[in-house]
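Engineer: First the structure, then my questions, so here it is.
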Amino acid sequence: MIISVIGCGYLGAVHAASMASLGHDVIGIDVDARRVEKLARGEAPFFEPGLDELLTATIATGRLRFSHDMADIAAAQVHFLAVGTPQSESGAADLRYVDAAVAAAIPYLGPGTLLVGKSTVPVGTADRLAALVAPTGAALAWNPEFLREGHAIQDTLSPDRIVYGVADGDGTTVGILDAVYADALARGVSRLVTDLRTAELVKVAANAFLATKISFINAMAEIAEKVDADVVALADAIGRDDRIGRRFLNAGVGFGGGCLPKDIRGFIARSEEVGAGEATAFLREVDRINLRRRDRIVELLAEELGELQGARIAVLGIAFKPESDDVRDSPAIDVIGRLHAAGADVVATDPRAIEAARRAHPELVVEYAATAREAMSDAGAVVLLTEWTEFRELDPVEERAVVRTPLMIDGRNVLDRERWIAAGWRVRALGRGSGAASR
Ligand code: UGA
């Protein structure tokens, strides 16, 4: 099948390469000429494990091309819309890229073609776009994407489920999408067909649930801190209940990235617009709990050091999660800013995200170090904010020799506390009580 993917950011670039790897002929379109050039050379514009290799391999087969000319979609039967929907000032999703892409694509749509939305949009957007597309004779479907950064290719090729939102009784569209996803369906991936509005909601509801789960455990962490209990043991215990499940119960500095924070805010805004604001009011608290964790890191440091003014603090991890160079709404960026505002000298390191942080946050006053060792040299405290394997595997005995004060704030609850304490460190972690540090 000939497929176009309109918008080659995180979602689109991965989708284009993955569809080509399944044997489809794919043209990826993006308005950013530099991004198109990079992709055409087989280079992803961001770090995602395995993506450069997949791009290179699929480009070499001749089945994957990139262009910034929308006219190049003309030969495709299925067009995936994968442009970004950033947060606007009000918190609502900004649909300007969606609207511009659809307007630009319309001249190339016709009977028998299908426009498939993948972007995360406020419920009701697909109905509006379907009306715009209808005069061309093309159909419109919504097919939300659930990929996680760092696992994007696997999540695209072997998702937990595939959701098609289609207009009432549109069996033709279902048949076309089945042909696109024939490989996954043959391997038993489940497929749910819904109306357009439900498909749009599935995506934001899933992210809202995940964000709520994380904030739930972080709220328990706040309580655990007050009463000197241990949130990690608590998560292990409640997670044994199959109805609850242990995944996404990792307490720490909280969620960031380009999806969960903006999606819950967009969901709140859209719920209010449709007269159901009360239904998502709890998501405001989810957001607040999440942001409070960032304050708590700074508070913990202040509790331990007494004075942040002039303290040299090493921050391990800048990306919003490991295996990613994405610093969008990263807790670490926020914490670095707050530490600087409190007068600390911050030196930060990350295996992948330093360049992205420099580009996206030129305002940050921070020294970047190439390695954890360099960042920790002479530090008065160390804060772990992204759980990269290389930070989890640091040797507390060796690292003790380089720091000025062996104080570790484990912002992700991933270090083996006993080992670090045995090596002479004082360890504080989120949701693990204050006395635990010296037990
Ligand atoms: C998230 C969803 O997990 C995907 O299903 C969805 O497709 C994607 O958003 C999207 O909308 O495009 P992603 O943003 O890549 O994926 O990252 P997650 O793995 O969900 O992690 C989000 C944040 O939550 C990270 O900052 C992570 O450190 C944090 N987190 C995660 C916790 O603090 N605790 C946990 O237990 C799990």
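The values are calculated or read from the model by the stated rules, or taken from the named source; none is laboratory data. What you see is a predicted model; the values in this text were computed from it and never measured. No Cβ is skipped: glycine too gets one built from the backbone with ideal geometry, and neighbour counts run over all protein chains shown. Just so you know, the surface numbers come from the protein's heavy atoms only, side chains and all, with ligands and any DNA or RNA stripped out. Shrake-Rupley method; radii C 1.70, N 1.55, O 1.52, S 1.80 Å.
Engineer: Do you know which of the residues in the stretch 328-354 that are open to solvent by 10 Å² or more (accessible area, probe 1.4 Å) and within 12 Å of the ligand (Cβ to nearest atom) is nearest to LEU51 (Cα to Cα)?
Structural biologist: ARG328
Engineer: Restricting to the stretch 135-182, count the residues that are more than 16 Å from the ligand (Cβ to nearest atom), under 19 Å from ALA17 (Cα atoms) and under 26 Å from the mean Cα position of the chain (by Cα).
Structural biologist: Residues in the stretch 135-182 being more than 16 Å from the ligand (Cβ to nearest atom), under 19 Å from ALA17 (Cα atoms) and under 26 Å from the mean Cα position of the chain (by Cα): 3 in total.
Engineer: Looking only at strands (runs of 3 or more DSSP E) that fall completely inside the stretch 114-205, which ones have 1 or more residues that are under 21 Å from VAL98 (Cβ atoms) and open to solvent by less than 10 Å² (accessible area, probe 1.4 Å)?
Structural biologist: 114-117, 139-142, 161-165
Engineer: Having 2 or more residues that are among the polar types (S, T, N, Q) is the bar; report the helices (runs of 4 or more DSSP H) wholly within the stretch 2-97 that clear it.
Structural biologist: Passing ranges, in order: 10-21, 51-60.
Residues checked against (1) in the same structural domain as ALA186 (by TED's automatic domain parsing); (2) within 16 Å of the ligand (Cβ to nearest atom); (3) surrounded by fewer than 18 Cβ atoms within 10 Å (Cβ to Cβ); (4) within 23 Å of GLY110 (Cα to Cα):
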residue	(1), (2), (3), (4)
GLY7	yes, yes, no, yes
GLU43	yes, no, yes, no
GLY62	yes, no, yes, no
PHE66	yes, no, no, yes
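Engineer: It is to be established whether one or more residues within the stretch 206-225 are more than 26 Å from ILE289 (Cα to Cα), surrounded by fewer than 22 Cβ atoms within 10 Å (Cβ to Cβ) and acidic (Asp, Glu).
Structural biologist: Within the stretch 206-225, not a single residue is more than 26 Å from ILE289 (Cα to Cα), surrounded by fewer than 22 Cβ atoms within 10 Å (Cβ to Cβ) and acidic (Asp, Glu).
Engineer: Looking only at the stretch 381-398, how many residues end up being open to solvent by less than 10 Å² (accessible area, probe 1.4 Å) and either in contact with a strand residue (DSSP E or B) (Cβ under 7 Å, 6 or more places away or on another chain) or within 16 Å of the ligand (Cβ to nearest atom) (or both)?
Structural biologist: 7
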